[in-house]
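Below you'll find the structure, written out as structure tokens, and then a few comments.
The values are calculated or read from the model by the stated rules, or taken from the named source; none is laboratory data. If you're wondering where the values come from, they're calculated on a predicted model, not measured in any experiment. A quick note on method: Cβ atoms are made from the backbone with ideal geometry, for glycine too, and the neighbour counts reach across all protein chains shown. Areas reflect the complete protein model, heavy atoms only, side chains present, ligands, DNA and RNA absent. Shrake-Rupley method; radii C 1.70, N 1.55, O 1.52, S 1.80 Å.
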Amino acid sequence: MKDDDKNLDKQTVEQARQRRLVAMHLQDIEDNPLDAGEIAMFEMFEREGWPHEKRRAYILDRARSASLVPAAE
């Protein structure tokens, strides 16, 4: 297992959570709040202790999948 694949320790997860809360507040100020699904996704990352690289890969995969959905005609 690579070092990047190891789950984050509790202190690092808490630091990431605090940064997320600040970022969410700033998004609210800009009138661009996270929706319930986005919040749940970040909470899952924290709960599971996912490393940052795994989080980025997950988000990029979801974005690519969403962009492949054909437009309604």
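Quickly run through the range 3-16 and pick out the residues that are touching a residue at least 12 places away in the same chain (Cβ under 8 Å) and of a type in the set (S, T, N, Q).
ASN7
What are the residue pairs meeting all of these: first residue in the range 17-30, first residue within 15 Å of ARG47 (Cβ to Cβ), second residue part of a helix (DSSP H, G or I) and open to solvent by less than 90 Å² (accessible area, probe 1.4 Å), Cβ atoms under 6 Å, and 6 or more apart or on different chains?
If the second residue must be part of a helix (DSSP H, G or I) and open to solvent by less than 90 Å² (accessible area, probe 1.4 Å), the pairs left are ARG17/GLU46; ARG20/PHE42.
Got a sec? Which of ARG64, ARG55 is open to solvent by 80 Å² or more (accessible area, probe 1.4 Å) and assigned to a helix (DSSP H, G or I)? Reasoning before the result, please.
Values: ARG55 fails: open to solvent by 80 Å² or more (accessible area, probe 1.4 Å).
Checking each option against the conditions leaves just ARG64.
Yes or no: ARG47 over 21 Å from ASN7 (Cβ atoms), open to solvent by 100 Å² or more (accessible area, probe 1.4 Å), of a type in the set (Lys, Arg) and in a helix (DSSP H, G or I)? Explain how you work it out, then say what you get.
Values: over 21 Å from ASN7 (Cβ atoms): no; open to solvent by 100 Å² or more (accessible area, probe 1.4 Å): yes; of a type in the set (Lys, Arg): yes; in a helix (DSSP H, G or I): yes.
Taking the combined requirement at face value, the residue does not satisfy it.
Mind listing whichever residues of the range 28-44 are in contact with a helix residue (DSSP H, G or I) (Cβ under 7 Å, 6 or more places away or on another chain) and assigned to a helix (DSSP H, G or I)?
Pass one, the range 28-44, residues in contact with a helix residue (DSSP H, G or I) (Cβ under 7 Å, 6 or more places away or on another chain): 33-34, 42.
Across the range 28-44, the qualifying residue is only PHE42.
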